[in-house]
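Q: Below you will find the structure I want to go over with you.
The values are calculated or read from the model by the stated rules, or taken from the named source; none is laboratory data. Values in this document were obtained by computation on a predicted structure and should not be read as measured data. Every residue, glycine as well, gets a Cβ built from its backbone with ideal geometry; the counts of neighbours run over all protein chains shown. Note: areas computed on protein heavy atoms with side chains; ligands, DNA, RNA excluded. Shrake-Rupley method; radii C 1.70, N 1.55, O 1.52, S 1.80 Å.
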Amino acid sequence: MAYEKISGFSDEIASDITTQFEVLNKLNIKYFEPRGVNGKSISALTEEEAVELKKAMDQYGIKASSIGSPVGKIKLSEDFEDHFEMYKRIVKIAKILDTRYIRMFSFWKDEEGTPWTEAERAEVFTRLKRMIAYAKEQDVVLLHENEKAIYGDIACRCQDLMKELYCDNFKAVFDPANFVQSDQDTKEAYEMLKDYIAYMHIKDARFEDHVVTPAGMGDGNVKFILDSIFANGYDGFLSLEPHLGSFVGLGGLETGNLMKDLPEGGEGTFTLAYQSLIALL
């Protein structure tokens, strides 16, 4: 299956943007999800640096599928006003890079491992409502990623967010590996969230040790999710987030010829992640 809307976190290839774009060109990938640019977080770029990044994107024929932002990745006790100012800078960067999508999260609680209280839930929703209101003003779309240990880490709490907040400016990212690492069955999660999904992250993981694997080699039911989401009419992005750099067991997997002749380091693991997705497609 040929699919044009493949993207990825190309900072996992290398920190410098030229190498990132050269490898994306080599793989014929037309999009990226900017998160790390020349060693800096996308949230730390100045407007001038964002303009320079856009020039490089145009030079290499690369577009931004979404901003890989850290918005919402703070504890509830941390200063939200400072964080909101960072969010507003991210919105400006999104506009410079010509994307309406901004990946974001739903906050960490202060004491990890304790049950979420009603007061903590209320604070999460208050913050998100304010962020969504600004997204409406600015005509951008916040994409909530199911990340480990945030409020929206498992399917029922993601569904809670979506039932109350889903709109043209707030939608869901579906990340199979993150669900596995939260001990959430991905088929169940898909059934609960399928009407809210606007963006897919492509990575897989194993329940036994939470180690990330190439797509199709873990317990994330990635092929089932892709089959189901396409049958449901999905035509959005598939964004590679390999997270394979520290995968000690990579050589022991049944990867067939996928690893044959791949370069060392980030280019190799990113290419493996891409080839694994293509094999599933």
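Q: Would you calculate, for the chain, the mean residue ellipticity at 222 nm contributed by helices, counting each DSSP H stretch of 4 or more residues as -39,500 (n - 2.57) and dividing by all residues, to the nearest 500?
A: The helix contribution divided over the chain gives -12500 deg cm²/dmol.
Q: Can you tell me, using C-alpha contacts under 8 Å and at least 6 residues apart, the relative contact order of the chain as a whole percent?
A: Once divided by the residue count of the chain, the mean separation gives 17 percent.
Q: Measure off, as a whole percent, the carbon and sulfur share of the 1.4 Å-probe accessible area of the range 53-178, all protein chains present.
A: 46 percent
Q: Shape call for the range 62-205 from the C-alpha gyration tensor, a ≥ b ≥ c root eigenvalues: rounded (a/c under 1.5), prolate (a/b greater than b/c) or oblate?
A: Cα axes put the range 62-205 in the oblate bin.
Q: Pull up the DSSP beta bridges for the chain and report the antiparallel fraction as a percent, rounded to 5.
A: Among the beta bridges of the chain, antiparallel pairing accounts for roughly 20 percent.
Q: So in the range 53-188, what percent of DSSP beta bridges are antiparallel if you round to the nearest 5?
A: Among the beta bridges of the range 53-188, antiparallel pairing accounts for roughly 15 percent.
Q: Scan the chain and hand back the longest stretch that contains none of the GluC sites (Glu not before Pro) lying in DSSP loops with at most 16 other Cβ atoms within 10 Å.
A: That would be 113-207.
Q: Using a probe radius of 1.4 Å on heavy atoms only, what accessible surface per residue do you get for the range 86-216? Whole Å² is fine.
A: Working: 5170 Å² over 131 residues.
The answer is 39 Å² per residue.
Q: What full-extension length gain, to one decimal in nm, is calculated for residue 88 and residue 28 as 0.36 nm per residue of separation minus the Cα-Cα distance?
A: 18.4 nm
Q: Calculate the spin-label point distance for residue 224 paired with residue 60, positioning each point 7 Å from the Cα along the beta-carbon direction, and give it in nanometres.
A: So the two model labels end up 3.6 nm from each other.
Q: Kindly report the accessible area of the range 1-69 per residue (heavy atoms of protein chains, probe 1.4 Å, no ligands, DNA or RNA), in Å².
A: Counting only protein heavy atoms, the per-residue value for the range 1-69 is 44 Å².
Q: Then there's this: Only residues of the range 70-96 count here: report those whose backbone N is under 15 Å from the spot 7 Å along Cα→Cβ of residue 138, or say none.
A: Only 70-73, 81-96 pass the distance filter.
Q: Shape of the chain from its Cα gyration tensor (a ≥ b ≥ c, root eigenvalues): rounded if a/c is under 1.5, otherwise prolate when a/b > b/c, or oblate?
A: Verdict is oblate for the chain.
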